Amino acid sequence: MRKPVIAGNWKLFKTTGEAVELIHSLVSLVNGITDVEIVIAPVFTVLGTAKAALAGSAIQLAAQDCFWEQEGAYTGEISPKMLTDVGCSHVIIGHSERRQFFGETDETVNKKLKAALAGNLTTIFCIGETLAERESENTFEVLERQITEGLAGIKVTDPHRLIIAYEPVWAIGTGKTASENQAQEVHAFIRNLLTKLYDKSIAEKMRILYGGSVKPDNINGLMSQPDIDGALVGGASLKADSFASIVRFA
Ligand code: PGA
């Protein structure tokens, strides 16, 4: 049995005061839920305050990115060590917006994944094809490259600490979701690839999340699919009621 993960990616939204307000509402709405791993990812500057606001709650804290060295002369960067220090248990790596706007490649994603895992963070590794790649029927080729290069040299010792998030770029923030069947087809492909890269027992334990315009009204259908183990939620995670409804999927 894989424990579902619902993670909210707050992107570049919510100042400290707004974040605390959202956390307080959310904590009361999801209080008592223990069968779902609930994660929120505010901006770096809010993490310390968010950790304090989450005290006593089961909601876990993620950062949206990290650097691949633990410390050193790297002005402006944030390392896994600094994230655990501030109370993060999770980190998102390789989000398509980082790949699109900040020059992340499969190689830099691989270095970051290694550092995050070595730094004891549970890592949400994002992959996904663009619209052009889907239309030219390259979806599976692109995903296979992102996964094999992203995970190159990575041994999975604890399958619960490496989470894959499949986010078709054309579905992020667009209101277009992959249909449940389209998503399931890709998730099954990913699990099969993980079986080849590792083994069946590891692949069966790893959570594969879907992301891209996940909302309270499409989460149930997605979660009814056998290989969809949760969601990475952007827009709908910015309001306590919509995120809580997603967490409470039937
Ligand atoms: P969205 O974003 O839910 O707003 O589409 C998802 C993501 O980028 O992780």
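The values are calculated or read from the model by the stated rules, or taken from the named source; none is laboratory data. Quick caveat: nothing in here was measured; it's all calculated off a predicted structure. Cβ: placed from backbone, ideal geometry, glycine included. Neighbour counts: every protein chain shown. Just the protein is used for accessible areas: all its heavy atoms, side chains included, with ligands, DNA and RNA removed. Shrake-Rupley method; radii C 1.70, N 1.55, O 1.52, S 1.80 Å.
Details
- Neighbours by Cβ (under 7 Å, 6+ apart or cross-chain): first from region 9-22, over 24 Å from Ile124 (Cα atoms); second open to solvent by less than 60 Å² (accessible area, probe 1.4 Å): none
- Some residue of region 144-156 being out of contact with any Phe, Trp or Tyr (no Cβ under 9 Å at 6 or more places or on another chain), within 12 Å of the ligand (Cβ to nearest atom) and closer than 23 Å to Glu37 by Cβ: no
- Complete set of residues in region 156-173 that are farther than 17 Å from Ile93 by Cβ and either charged (D, E, K, R) or open to solvent by less than 10 Å² (accessible area, probe 1.4 Å) (or both): Pro168, Ala171
- Taking each residue of region 41-65 that is over 16 Å from His90 (Cβ atoms) and looking for partners that are part of a loop (DSSP other than H, G, I, E, B) and open to solvent by 70 Å² or more (accessible area, probe 1.4 Å) with beta-carbon atoms closer than 8 Å, six or more apart or interchain, yields nothing.
- Among the criteria (1) under 30 Å from Lys14 (Cα atoms); (2) surrounded by fewer than 22 Cβ atoms within 10 Å (Cβ to Cβ), the one Glu185 does not fulfil is (1).
- Hey, Thr123 hydroxyl-bearing (Ser, Thr, Tyr), buried (at least 21 other Cβ atoms within 10 Å of the Cβ) and either in contact with a Ser or Thr (Cβ under 7 Å, 6 or more places away or on another chain) or in contact (Cβ under 8 Å) with a residue 24 or more places away in the chain (or both) or not: yes
- Of the candidates Glu137, Glu133, Glu104, the single residue that is surrounded by fewer than 14 Cβ atoms within 10 Å (Cβ to Cβ) and either outside any helix (DSSP H, G or I) or acidic (Asp, Glu) (or both) is Glu137.
- Subset of region 195-222 (residues that are within 16 Å of the ligand (Cβ to nearest atom) and open to solvent by less than 30 Å² (accessible area, probe 1.4 Å)): Arg207, Ile208, Leu209, Tyr210, Gly211, Gly212, Ser213, Val214, Ile219, Gly221, Leu222
- Filter result for Lys176 (within 18 Å of Met206 (Cβ to Cβ), open to solvent by 30 Å² or more (accessible area, probe 1.4 Å) and not in a helix (DSSP H, G or I)): no
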